[in-house]
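Colleague: Would you mind keeping the following structure in view while I ask a few things?
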Amino acid sequence: ILITSMAVIINVDSDATKKFITVIGESIGSDTFITSNLSLLEDPASLLKSLLTSVPEIATLTNADTVTSSITYLTYLITKLPLESQSPLIETLLKSLTTVGTTTASNNPLPILHSLISIHSLLPKSYLPLLTCLQFSRSSNLFHLLTPSLPSLSPLIPTFPVEHQRTLYLTIKESVPAPSQHSYSLKYLSTFPPTSSPLPPSSSTSITKIIKESFDTPLKLFGKNGIYNHPIIHSVSDSKIKELLDIFKVGGIKEYESWLKGCSLVGFDNFHDLIRILILTDLGVGEFSYSTIKSECGLKTNTEVEDIVVKGIMEGAVEGCLDQEGEVWRCERRVG
């Protein structure tokens, strides 16, 4: 299909065009040969731009290997152009692929993803191919195929401008399973200097979301790698979030109930158990009666005491044992 496209587009004899492409195709491994032959054309960038109009047709071919190899071949030719000519062509190629991948009736995104992976492999230090690959794999529910390669991105992402780093970390965080999201939240936060103030609205919104997501377990808040230890979270513009973080750190149920009465934020009214677990950690290591825990945590029954202690143990906030007969909680270790 590439040979046919070039035969139509290049204003030369069709047989000569086929021969030209065939020779290049047989010499894919020879950078010097390809570069010299492309230089024979008057405007190779315009030629390849015209060829990109064939991408929708290529991407819908039934043979997945043909799709990937053709797109890889096109990308390879683009990389032989001067750097200033590459970016607009790559951007066009990526846009064409993802458009086809999201609108095609065949609904088979796998060849498109393989093509995007190939583009990234040929341009490993280019931001847009990587971002497009991540975003497309997520939208097509194929991100699990990229999971094994995520460790190789760790040294690469910090080489991009900081805004690109943040976009990549957030994209990955939103794509990986819940247990892995916290580590990418921390990587995102690490892109901000400790004295960042004020934060751009978009960054403040993202950080506020990360803070809320960390409320599901005390470890994410106040553990060794807890977000509360990161200075940047105290630069968020939302004063109510700051107040809530302080309540989590040193407050109790009464303070939380009072905070809720003056709060219009949606989805922040279900953290009673989190605060109770944090109170358990504040009690420290030692022996505590059920009555003490009831008083501190605003609980009424022994069953409620045992339930909150068990939940704290399951979430890794505390370790110890319950003495149901003696109505005592013996804490042997706590987080924070």
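The values are calculated or read from the model by the stated rules, or taken from the named source; none is laboratory data. Here the structure is a predicted model, which is why all the values come from computation and not from measurement. Cβ sites come from the backbone with ideal geometry, for glycine too, and all protein chains shown count toward neighbours. These area figures cover heavy atoms from the full protein model, side chains too; ligands, DNA and RNA do not enter into them. Shrake-Rupley method; radii C 1.70, N 1.55, O 1.52, S 1.80 Å.
Colleague: I need the helices (runs of 4 or more DSSP H) fully contained in the range 86-184, keeping only those with at least 3 residues that are within 17 Å of residue 70 (Cα to Cα) and under 18 Å from the mean Cα position of the chain (by Cα).
Modeller: In the range 86-184, 110-122 are the helices (runs of 4 or more DSSP H) which contain 3 or more residues that are within 17 Å of residue 70 (Cα to Cα) and under 18 Å from the mean Cα position of the chain (by Cα).
Colleague: Of everything in the range 292-314, what is within 21 Å of residue 256 (Cα to Cα) and open to solvent by 40 Å² or more (accessible area, probe 1.4 Å)? Give them in sequence order. Reasoning before the result, please.
Modeller: Going through the range 292-314, the residues within 21 Å of residue 256 (Cα to Cα) turn out to be 292-301, 304-305, 307-309, 311-312.
Within the range 292-314, 292, 294, 295, 296, 298, 300, 301, 304, 307, 311 qualify.
Colleague: Here are the criteria: (1) aliphatic (A, V, I, L, M); (2) out of contact with any Phe, Trp or Tyr (no Cβ under 9 Å at 6 or more places or on another chain); (3) closer than 21 Å to residue 241 by Cβ. Tell me which single one residue 156 does not satisfy.
Modeller: (3)
Colleague: Continuing with the same structure: For the range 294-315, how many residues are touching a strand residue (DSSP E or B) at 6+ places or on another chain (Cβ under 6 Å) and of a type in the set (A, V, I, L, M, F, W, C)?
Modeller: 1
Colleague: Please tell me if residue 318 is in contact with a strand residue (DSSP E or B) (Cβ under 7 Å, 6 or more places away or on another chain), over 23 Å from residue 255 (Cα atoms) and surrounded by 14 or more Cβ atoms within 10 Å (Cβ to Cβ).
Modeller: No.
Colleague: Do you know which residues across the range 306-336 are more than 38 Å from the chain's Cα centre (by Cα) and assigned to a helix (DSSP H, G or I)?
Modeller: Within the range 306-336, none qualify.
Colleague: Filter the range 253-291 down to residues that are of a type in the set (Lys, Arg) and within 36 Å of the chain's Cα centre (by Cα) and give me whichever is least open to solvent (accessible area, probe 1.4 Å).
Modeller: So the first thing to find is which residues in the range 253-291 are of a type in the set (Lys, Arg), and the list is 254, 261, 276.
Then keep just the ones that are within 36 Å of the chain's Cα centre (by Cα); that gives 261, 276.
Working: 261: 180, 276: 36 Å².
It comes out as 276.
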